[in-house]
Amino acid sequence: MKAVYIVLTDTGTLFTRMIKRFTKAPYNHASIALDGELGDIYSFGRKSLRLPWNAGFVRERRDGGIYVVLKRTTCVVYELRLDDERYERVVREIRRFESEADRYGYNFLGLLNFLFPCEFRNRNSYFCSEFVATVLRNGGIDLLKKPPNATAPHDFMAAQGLRPVYEGPLAAYSRSC
């Protein structure tokens, strides 16, 4: 058995505060990591702190990049235990996104799914929780029983099979938590 980690964060930026007004949820960004150290965390989000509209597939680091600047980021980390086959499928799916990162954009239009009863879908564009749900579904894991483009970060908080391993400041996270 191996594990992947679902990381939900709240950075406190203007964009995340706007999202939080609508969701009323404590965390508004979802990512996935392949190791308990959270060395590399994969998601869709901003590529630079200063240009929030420059967004797409990102490889984040809990001890680098945007999280070094946004030191007050809070998080909850969930562990998802997988058999070797499903774990490898998830890894392949993430590697596929990584190798084709230039093809993908951020699904800003898809965020409207949460405001209106229509279903907006941009091909080759994802928002953070849509990406995590897609990676899991394509890896043979259907935690949420809803389409990835209707998945919000806080939906993972109620998902069966996820074990919370840490909640608090991201900067204070360690594998021994």
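Computed from the coordinates by the stated procedures, all read-outs in this text should not be read as laboratory data. In this text the structure is predicted, and so the values were computed from the model without any measurement. Because the Cβ atoms are built from the backbone with ideal geometry, glycine has one as well, and the counts that use them run over all protein chains shown.
Add +1 for every Lys or Arg and -1 for every Asp or Glu among the other residues with Cβ under 12 Å from the Cβ of Leu38, and state the total.
Overall, the nearby charge balance is -2.
If we count every other residue with Cβ under 15 angstrom of Val7's Cβ, Lys/Arg +1 and Asp/Glu -1, where does the sum land?
-4
For Gly168, what charge total do you get from the other residues with a beta carbon under 12 Å from its beta carbon, if Lys and Arg give +1 and Asp and Glu give -1?
With Lys, Arg at +1 and Asp, Glu at -1, the neighbours total -1.
Quickly work out the Ala171-to-Arg81 label distance, labels modelled 7 Å from Cα along the C-beta direction, and quote it in nm with one decimal.
According to this spin-label approximation, the distance is 3.4 nm.
Quick one: if you stick a label point 7 Å off each Cα along the C-beta vector at Lys146 and Asp63, how many nm between them?
Reported label-point gap for Lys146 and Asp63 is 3.6 nm.
To the nearest 500 deg cm²/dmol, what mean residue ellipticity at 222 nm is calculated for the chain from DSSP H runs of n ≥ 4 alone, each contributing -39,500 (n - 2.57), summed and divided by the residues?
It lands at -7000 deg cm²/dmol.
Need the list of lysines near Lys71 for cross-linking: C-alpha distance under 21 angstrom, and skip anything on the same chain fewer than eight residues off.
Lys20, Lys47
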